[in-house]
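Below is one structure, written out as structure tokens; comments come after it.
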Amino acid sequence: MKLTSLLVLLLLLVGSSCISRKQITYLQENENTRDTIYPILKKNEPYRLQVNDLLSIRTKALDPDFKDIFNPVGEADPNATGEERLYYDGFVVNPHGKIRVPILGELPVLGMTVDEVREDIERRLLADYYKEEANVFVTVKLAGIRYTIAGEIGGSGSNIIYRDQVSIVEAIANSGGVPLTGDLSDIIVIRQYPTGQKVHHIDLTSIDAMNSPYYDIKPNDLIIVNPLPQKTIGTGTTGLQSFTTILSVVTALTGVILLFIRL
């Protein structure tokens with residue numbers, strides 16, 4: 001009877017400690033809606049600029065000299081490429097919420113969208129320097145989406161993706177993916193706002209995550225992936241690993257008990 005009870009307890013521990021398929025599968029569909037068109041309901045608010053954001057500003061005009069002023073070629077380091085070139089040529093939002101632009105000087109941009117910044121620059125140029133016939137064309141973009149990811153992830157650290165829109169699944173994949181021991185059901189996103197930072201949660205095991213306002217990441221997001229309880233208690237990620245671990249513990253305890261009984 002004692003042996004049977006011990007075996008039942010062992011099986012219960014193994015079953016509760018191994019990681020199930022549902023815990024490690026992204027964006028699971030409901031059984032009744034599988035293979036159907038899934039409507040995307042969320043409406044993303046445009047990103048509003050924060051301190052330390054890096055902007056890329058480019059212009060086109062009939063006057064080539066004017067164009068070159070706004071489109072530097074990395075004169076601080078002509079050999080710089082990629083992110084380094086953006087560092088030298090970009091326009092960073094300073095602690096006062098302004099960018100320093102040639103000809104126009106310092107412009108307040110904190111809390112504005114990139115489209116609003118573009119419209120403001122075009123308006124200032126046409127009002128003070130050029131007429132409509134100059135065909136001034138301004139492009140303002142964020143110099144990539146930078147985010148930091150930590151916790152139970154293949155490659156933690158800061159990364160940058162040169163896109164206008166990036167989902168949290170893409171950001172995770174770009175960082176090496178979440179291992180079997182990562183908790184996909186409660187991904188933490190710490191996001192910056194003009195009034196401070198806020199903590200958000202998103203469940204990536206559900207297809208409903210695609211409608212979350214935190215499914216698409218924003219610049220300077222901090223993404224944290226916590227471990228599953230199975231890793232915390234150290235029982236293993238698969239049934240075999242859990243069985244081996246628990247069996248070793250039970251064997252050791254049984255040996256200690258038998259030793260005390262003989263004494």
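The values are calculated or read from the model by the stated rules, or taken from the named source; none is laboratory data. In this text the structure is predicted, and so the values were computed from the model without any measurement. Ideal geometry is used to build each Cβ from the backbone, glycine not excepted, and the neighbour counts take in all protein chains shown.
Each row is one residue, and each column tells you yes or no for (1) aromatic (Phe, Trp, Tyr); (2) in contact with a Ser or Thr (Cβ under 7 Å, 6 or more places away or on another chain); (3) in contact (Cβ under 8 Å) with a residue 60 or more places away in the chain.
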site	(1), (2), (3)
189	no, no, no
202	no, yes, no
208	no, no, no
213	no, no, yes
219	no, no, yes
222	no, yes, yes
230	no, yes, yes
The condition of being surrounded by 18 or more Cβ atoms within 10 Å (Cβ to Cβ) and closer than 30 Å to residue 58 by Cα holds, among 130, 147, 193, only for 147
Considering only segment 191-215, how many residues are small (Gly, Ala, Ser) and outside any strand (DSSP E or B)? 2
Selected residue [farther than 17 Å from residue 47 by Cβ and touching a residue at least 12 places away in the same chain (Cβ under 8 Å)] from 99, 145, 160, 153: 153
Tally, over segment 172-190, of residues that are part of a strand (DSSP E or B) and modelled with pLDDT of 95 or more: 4
Among the numbered conditions (1) in contact with a helix residue (DSSP H, G or I) (Cβ under 6 Å, 6 or more places away or on another chain); (2) surrounded by fewer than 18 Cβ atoms within 10 Å (Cβ to Cβ); (3) among the aliphatic types (A, V, I, L, M), tell me where residue 136 comes up short. (2)
